Amino acid sequence: MALVLKCGRDERAEWRSELHRLLPDMEVRPWHQAGDPDDIEFALVWKPDAGELRRFANLRAIFSLGAGVDHIMNDPDLPPGVPVVRLIDPELTRQMSEYVVLSALYLHRRMPAYAAAQKDGRWRPLPAPDTRSASVGIMGLGVLGSDAAEKLRPFGLPLLGWSRRPKNIEGVRCFHGAPGLAPFLAETGILVCLLALTPETKGILNAKTFASLPRGAGVINCARGGHLVDEDLIEALDSGHLSGAVLDVFDPEPLPEDHPFWRHPQITLTPHVASLTLVHSAAIIIAENIRRMRKGEAPLAIADPKAGY
Ligand code: NAP
Ligand code: GLV
């Protein structure tokens, strides 16, 4: 039996060598050289081509190469009954929390305004940031959102969170579900999106959401480009309702050269690097899940097909 691998060309050799080291009896085949599809027991994928996973009649699990599983769940032709396994990796969590802390403090300390002042050669001190009233609201209190909240706690900014189901997290005022969204937004000064992308959360960073934030709020999107309505963000920034945005994810990616985000003075962007899968760490987690399955145990972190994440 074999594992089929669909990853970036640059990481292919490292994945093969790490998996070979951890699972010496497992044959690892590249996506386009899968051989006899009936040999394939496991798929380890990033953005598999729609309908392709169904070719593997003996598939036992589909492992995501990233934390998000939207790139798999959006295939309308997924093989039924085969678990989709999320990647929960402390290295991914650490990187994302670094990015959120960095970006939240960047907006809180008015760095977009100082960057603009520097560009114009102007010495323009702004009033001291009031940490007691500058709240951070995290949409998505899953693996990444809850860790980001924990890492933000020592800075003393009031913290809020919003999720689908109720949560109880120390130091975080938690809201949930549709009724919890408006009160959460009304008190959020810096909005961080770490939601899973599903049909329910697609386009959630829109004009209505921005209008519900206090004037001068900032937005950080490090979940998926599909959460954001691009034109609505530009309008909210240009009208002065929002003061700045940090974006790591886009739809489509790469962000087209002529997209207005590139040159918008209040937008800071990075090319989907907030948290990158590190092969040496992720391979250990995937190998452990395969060992579990071989012992007849369920893999850890199966995505819920009904919830879509
Ligand atoms: P997770 O543990 O599955 O958490 C997802 C969160 O979204 C949960 O808190 C969930 O609520 C919430 N959610 C889902 N649907 C919702 C809805 N309809 N209303 C309100 N809340 C909803 O995922 P994770 O591991 O933290 O990762 C989060 C996302 O980060 C991934 O899906 C991926 O898109 C993104 N990501 C980006 C990068 C990057 O480099 N930019 C890297 C890794 C991950 P419940 O807690 O109630 O279930
Ligand atoms: C990256 O975007 C991931 O989902 O891990």
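Taking trypsin sites (Lys or Arg not before Pro) as exposed when their DSSP state is a loop state and no more than 11 other Cβ atoms lie within 10 Å, the longest site-free interval of the chain runs over 1-121. Working from Cα positions, state the angle (0 to 90°, nearest 10) between the long axis of helix 12-22 and the longest principal axis of the chain. Roughly 60 degrees, rounded to the nearest 10. Kirkwood radius and radius of gyration were both taken over the C-alpha atoms of region 254-309, and their ratio Rg/Rh is 1.24. Restricting the calculation to Cα atoms, every distinct pair contributes to the Kirkwood radius of region 37-97, found to be 12.1 Å. Dipole check for region 90-269: with +1 at the C-beta of Lys and Arg, -1 at the C-beta of Asp and Glu, and the Cα centre as origin, the magnitude is about 680 Debye. Both radii come from the Cα set of the chain: Rg as radius of gyration, Rh as Kirkwood radius; their ratio Rg/Rh reads 1.01. Over region 90-269, the Kirkwood radius and the radius of gyration, each from Cα atoms, give a ratio Rg/Rh of 0.94.
In the chain, taking the dipole from charged Cβ atoms about the Cα centre, the farthest positive-side position among GLY35, ALA2, ALA236 is held by ALA236. Stretching the chain fully between THR131 and ALA211 yields a gain of 26.5 nm (0.36 nm per residue, less the alpha carbon separation).
Testing the spin-label approximation: label points 7 Å from Cα along Cα→Cβ at LEU22 and GLN118. State their distance in nm. According to this spin-label approximation, the distance is 3.9 nm. Calculated accessible area for the chain comes out at 49 Å² per residue, all protein chains present (probe 1.4 Å; ligands, DNA, RNA ignored). Local charge for LEU205 was computed over the other residues whose Cβ lies under 14 Å away, with Lys and Arg +1 and Asp and Glu -1, and equals -4. Sorted largest first by accessible area at a 1.4 angstrom probe radius, with every protein chain in place, the residues ASP238, ASP248, ASP10, ASP147 fall in the order ASP10, ASP238, ASP147, ASP248. The helix-based estimate of mean residue ellipticity at 222 nm for the chain, built from -39,500 (n - 2.57) per DSSP H run of four or more residues and divided by its residue count, is -9000 deg cm²/dmol to the nearest 500. Taking a straight line from the alpha carbon of LYS167, these lysines sit under 25 Å away, with near neighbours fewer than eight places off in the same chain left out: LYS151, LYS202, LYS208, LYS306.
Taking the inverse of the mean 1/r over every pair of distinct Cα atoms in region 4-53 gives a Kirkwood hydrodynamic radius of 11.4 Å.
The GluC sites (Glu not before Pro) found in region 256-298 that occupy coil by DSSP, while having at most 13 further C-beta atoms within 10 Å, are GLU257, GLU297. Considering only ILE169, ALA115, LEU191, whose Cα is most displaced toward the positive end of the charge dipole of the chain, charges sitting on Cβ of Lys, Arg (+1) and Asp, Glu (-1)? Of the candidates, ILE169 comes out farthest on the positive side. The accessible-area ordering, largest first, of the residues PHE155, PHE42, PHE175 stands as PHE155, PHE175, PHE42, per a 1.4 angstrom probe.
Its relative contact order, with pairs defined as Cα atoms under 8 Å and 6+ residues apart, puts the chain at 17 percent. DSSP beta bridges confined to the chain are antiparallel in about 5 percent of cases.
Simple rule: put +1 on each Lys or Arg Cβ and -1 on each Asp or Glu Cβ in region 142-282, find the dipole, and look at PRO256, ALA245, SER146; the Cα lying farthest toward the positive end is SER146.
The dipole here belongs to the chain: it is taken about the Cα centre, uses +1 on the Cβ of Lys and Arg and -1 on the Cβ of Asp and Glu, and is about 940 debye.
The values are calculated or read from the model by the stated rules, or taken from the named source; none is laboratory data. These numbers were taken from a predicted model, which means no experiment stands behind them. Please note: Cβ atoms are built from the backbone with ideal geometry, for glycine as well, and neighbour counts cover all protein chains shown. Note: accessible area is taken over every heavy atom of the protein model, side chains too, but ligands, DNA and RNA are not part of it. Shrake-Rupley method; radii C 1.70, N 1.55, O 1.52, S 1.80 Å.
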